[in-house]
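Enquirer: Pasting in a structure now, in structure tokens, and then I'll have a few things to ask.
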Amino acid sequence: MRALLCGGAALLALAAPAIADTLLDNVDGVTLDASNAVDHFNGLVIGDDGRVAKVLHRGDKRPRTTYLIDGKGLFAMPGLIDSHAHVMEVGFVVMTLDLSETHSLAEALTRIAVYAKAHPDRPWILGRGWNQELWPEKRYPTAADLDAIVPNQPVWLERVDGHAGWANSRALSIAGVTAATRDPAGGKIERTAPGGKPAGVLIDNAKALVAKVIPPPRPEDRDYAFAVAQDIFFSHGVTATTDMGTSIEDWQTYRRAGDTGRLRMRVMSYAHGIDNMVLIGGTGPTPWLYDDRLRLNGVKLYADGALGSRGASLKLPYSDAPTAKGLRITTDTQLKNLMSRAAIDHFQVAVHAIGDEANASVLAAIEDLAPTYGGDRRWRIEHAQIVDPADIPRFGHNGIIASMQPVHQTSDRLMAEKRLGPNRLKGAYAWKSIQATGAKLAFGSDAPVEIPDPFAGMAAAISRQGADGEPQSGWQPQERVTREEALAAYTVNGAYAGFAEGRFGRLAAGERADFILIDRDPLLSTSVDLARTKVSRVFVGGVQVWDAATAKQLGN
């Protein structure tokens, strides 16, 4: 993976102070108004508090201000919101081995061998991004594959979706994973034969068997990773993100950045499980900190695994694995208990659910708990990828937010067809149908699983086509959304999903002046052109935080 870093200042330099009355002029702008109708503007007045003081339209007189931002005829729009990402992992990908662009097992092994040779002193070889579905072999890699090239250093490489890991024999030995090790609840150890020695891939909760013995990153590593991640998000026009699965160490990284003026983007945080939720929030969600740049909203829980590793929990067996129905990471009872524990203290609940059985379970849990806890809970279902059509109407009750990732549909299309077969595709990535129930769509990327590029996401959402233009008429085209709906899902709905409405998400008087300057009109471009959108400059709270002209490439 390659990242764009701002070259105009040192990586960890302090952010610039807030500016006094500023006029943004010479732009074609688009935002959504209070009724989610499109509002075309051509200027903004920004107060010294970093909020929009006035939205200017054609014919409006330009006031005299202290500073001027010349938009140079570019298009302006609200900073985009990625409603599901893993912020620290985005930075760590750049610092470790990236296998996301490997197209065969042999290519992956070559890259691993080169990386290990270049880093002989590292205690572990770490990385992620492999996807056996993109390899001709179509099989899981093995410890033996790794042992042939890296026999002495422990190796741990996570699958692209983060729901499986690939270890060599040295790593398995250090972790004490043997033929006698039982599969943990909600996890699976791939074996050379039933009940036999570990083959090298561990799925979902089994990953912890190895992960727990890997030396944790140092605070300075975390600070650097976060600085890198911020610039990656900015380079794609993202000014606010939802961090799904924040650990206490992640939270402290954000707090250090906030305390020293290095927190430039906005982070809506969801703790990784109940323990981290309590460590961070204590008795409830935190206040908004650092001028609305950081808040712990709630907790991220898991119902099941992922489709690519056959961990998504399905009502019927996988079409390409008739003996498998996936994994439930938490049982129905466990899930309801965890959701209830969070709801008692008014933490917002976000539950990962990919398979149709898992989605049905989460919907049932919400239906059971909503009458007890009442109020404006905004229960979130993360991914909602495969839903039984019979369950789709249930999304329209209890204020559910469907947090979905459009590019997953284009990346997963062929794999989903294989996993599900032709008769179970109607409820797959069903954006339009779920939205029609009254549920709000909040779109994101699941970065680093996908590149955090909302323009590629919008293009997929309005076309149901991949970057290659396939399939020609769109995949399950009845599930396309309009351009305006896609824009809302990346702006105002993303803010609403994180209890941030009125703070940011649209360019309107009183809201934070988070905006981006881009090279084309997102509401008039074809889907192909939309996916090619180039971000020129990024502003958060009226302060420029990223500029393409001074950015430089950073690889790992």
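Enquirer: Within a Cβ distance under 10 Å of residue 382, other residues only, what is the Lys/Arg minus Asp/Glu net charge?
Expert: Cβ neighbours under 10 Å give a net charge of +1.
Enquirer: So what's the convex hull volume per residue for the Cα atoms of segment 443-556, in Å³?
Expert: Details: hull volume 15.5 nm³, N = 114.
Hull volume over Cα atoms, normalised by residue count, gives 136 Å³.
Enquirer: Identify, among 509, 192, 458, the residue whose Cα sits farthest towards the positive end of the charge dipole of the chain, taking +1 on the Cβ of Lys and Arg and -1 on the Cβ of Asp and Glu, with the dipole about the Cα centre.
Expert: 192
Enquirer: About its Cα centre, how strong a charge dipole does the chain have in debye, to the nearest 20, once Lys and Arg get +1 and Asp and Glu get -1 at the Cβ? Kindly include the intermediate steps, with their values, before the conclusion.
Expert: On the way: 60 positive and 64 negative charges, 91 e Å.
Magnitude of the dipole: close to 440 debye.
Enquirer: With charges set only on the Cβ (+1 for Lys and Arg, -1 for Asp and Glu), what does the dipole of segment 214-335 come to about its Cα centre, in debye to the nearest 20?
Expert: The calculated dipole for segment 214-335 is roughly 200 debye.
Enquirer: Determine the calculated [θ] at 222 nm for the chain from helices alone, applying -39500 (n - 2.57) to every DSSP H run no shorter than 4 residues and normalising by the residue count; nearest 500 deg cm²/dmol.
Expert: Working: 16 runs with 157 residues, N = 556.
Result for the chain, helices only: -8000 deg cm²/dmol.
Enquirer: Same structure, new question: Restricting to bridges with both residues inside segment 7-165, how much of the DSSP beta-bridge set is antiparallel, in percent to the nearest 5?
Expert: Values: 12 of 25 bridges.
Bridges in segment 7-165 are about 50 percent antiparallel.
Enquirer: Here is a follow-up. Where both partners of a DSSP beta bridge lie in the chain, what percent of those bridges are antiparallel, to the nearest 5?
Expert: Bridges in the chain that DSSP calls antiparallel: roughly 50 percent.
Enquirer: What's the angle, to the nearest 10 degrees (0 to 90), between helix 356-373's Cα axis and the longest principal axis of the chain?
Expert: The angle comes out near 60 degrees.
Enquirer: Suppose every Lys and Arg Cβ carries +1 and every Asp and Glu Cβ carries -1, with no other charges. What dipole size does segment 332-470 come out with about its Cα centre, to the nearest 20 debye? It would help to have the intermediate numbers written out before the result.
Expert: Values: 14 positive and 17 negative charges, 49 e Å.
The calculated dipole for segment 332-470 is roughly 240 debye.
Enquirer: Select from segment 44-114 those trypsin sites (Lys or Arg not before Pro) which occupy a DSSP coil region and have at most 12 other Cβ atoms within 10 Å, ordered by residue number. Before the final figure, lay out each step's value.
Expert: Values: sites: 51, 54, 58, 61, 64, 72, 111; in loops: 58, 61, 64, 72.
Counting only loop positions with at most 12 other Cβ atoms within 10 Å, the trypsin sites (Lys or Arg not before Pro) in segment 44-114 are 58, 61, 64, 72.
Enquirer: Please say if segment 196-238 is rounded, prolate or oblate, where rounded means a/c under 1.5 for a ≥ b ≥ c the square roots of the C-alpha gyration tensor eigenvalues, and otherwise the choice is prolate for a/b larger than b/c and oblate otherwise? All intermediate terms of the calculation are to be shown ahead of the outcome.
Expert: Working: a/c = 4.68, a/b = 2.04, b/c = 2.29.
Here segment 196-238 falls in the oblate category.
Enquirer: Further question on the same structure: Give me 408, 272 ranked fewest to most by other Cβ atoms within 10 Å of their Cβ, as a rough exposure proxy.
Expert: Working: 408 25, 272 22.
With the sparsest Cβ surroundings first, the list reads 272, 408.
Enquirer: Most exposed first by the Cβ proxy, i.e. fewest other Cβ within 10 Å, how do 333, 241 rank?
Expert: Working: 333 9, 241 29.
Ascending Cβ contact count within 10 Å gives the list 333, 241.
Enquirer: Towards the positive end of the charge dipole of the chain, with charges on Cβ (+1 Lys, Arg; -1 Asp, Glu), say which of 42, 165, 384 has the farthest Cα.
Expert: Farthest along the dipole direction, towards plus: 165.
Enquirer: Residue 137 label point, 7 Å along Cα→Cβ, cut-off 16 Å on backbone N: hits in segment 199-224?
Expert: Only 199-202 pass the distance filter.
Enquirer: Using the structure shown, list the pairs from 336/440; 212/418; 336/432; 117/212; 315/440 with a Cα-Cα distance above 31 Å, or answer none.
Expert: Numbers: 336/440 22 Å; 212/418 33 Å; 336/432 28 Å; 117/212 25 Å; 315/440 25 Å.
Beyond 31 Å between Cα atoms: 212/418.
Enquirer: If the reach is capped at under 25 angstrom between alpha carbons, list the lysines near residue 54, excluding any in the same chain fewer than eight residues apart.
Expert: 72
Enquirer: Then there is this: Mind giving me the nanometre distance, one decimal, between the label points for residue 417 and residue 521, set 7 Å out from Cα along Cα→Cβ?
Expert: Here the modelled spin labels are 3.6 nm apart.
Enquirer: Ok, one more. Please name which of 548, 471, 497 has its Cα lying farthest along the dipole of segment 454-556 towards the positive end, using unit charges on Cβ (Lys, Arg +1; Asp, Glu -1) and the Cα centre as origin.
Expert: My answer, from the dipole projection, is 548.
Enquirer: Extending each Cα 7 Å along its Cβ direction at residue 68 and residue 323, get the distance between those two points in nm, one decimal.
Expert: Each label point lies 7 Å from its Cα, and together they span 7.4 nm.
Enquirer: Hey, another quick one. Between 0 and 90 degrees, rounded to the nearest ten: what's the tilt of helix 248-259 against the longest Cα principal axis of the chain?
Expert: Orientation of helix 248-259: about 20 degrees from the principal axis.
A short reminder: the numbers here are calculations on the coordinates, not readings from a lab. Model, not experiment: these values are computed from the prediction. All Cβ positions, glycine included, derive from the backbone under ideal geometry; neighbour counts span all protein chains shown.
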